[in-house]
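Since every read-out is calculated from the coordinates, none of them should be taken as a lab result. Because the structure is predicted, anything quoted here is derived from the model rather than measured. Here the Cβ is made from the backbone with ideal geometry for all residues, glycine too, and neighbour counts use every protein chain on show.
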Amino acid sequence: MADADAPVPERLLDAALEVAAMHGLNRLSVGDVAKRAGLSRPTLYRAFPGGKQHLFVAMGLRELAAYRQGVV
């Protein structure tokens, strides 16, 4: 479960990774991500106005940054 004390975008990204791990990216829905984060769909759309695509880009960038940090 996403950390309730984390900033909203981080909670959503954590939840998106959890949902993707359980169901795969093809079956990931913004509703499932919001529910997993303990937030509403409108909150997700406020944090990621582009919806699922914006969320995927943010997930990818965050994971790439973590990977690069681990390599250095």
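General observations
- Selection of trypsin sites (Lys or Arg not before Pro), region 8-72, meeting DSSP coil and at most 12 other Cβ within 10 Å: 27
- Per-pair calculated FRET efficiency, R0 = 25 Å: residue 26 and residue 6 via Cβ, rounded to 0.05: 0.40
- Separation of the residue 69 and residue 54 label points, Cα + 7 Å toward Cβ, nm: 2.3 nm
- Taking semi-axes √(5λ) of the Cα gyration tensor in Å as calculated from this structure, the corresponding entry among (i) 38, 11, 9; (ii) 17, 13, 11; (iii) 19, 13, 12 is (iii).
- Computed over the chain, relative contact order equals 29 percent, with contacts defined as Cα pairs under 8 Å that lie 6+ residues apart.
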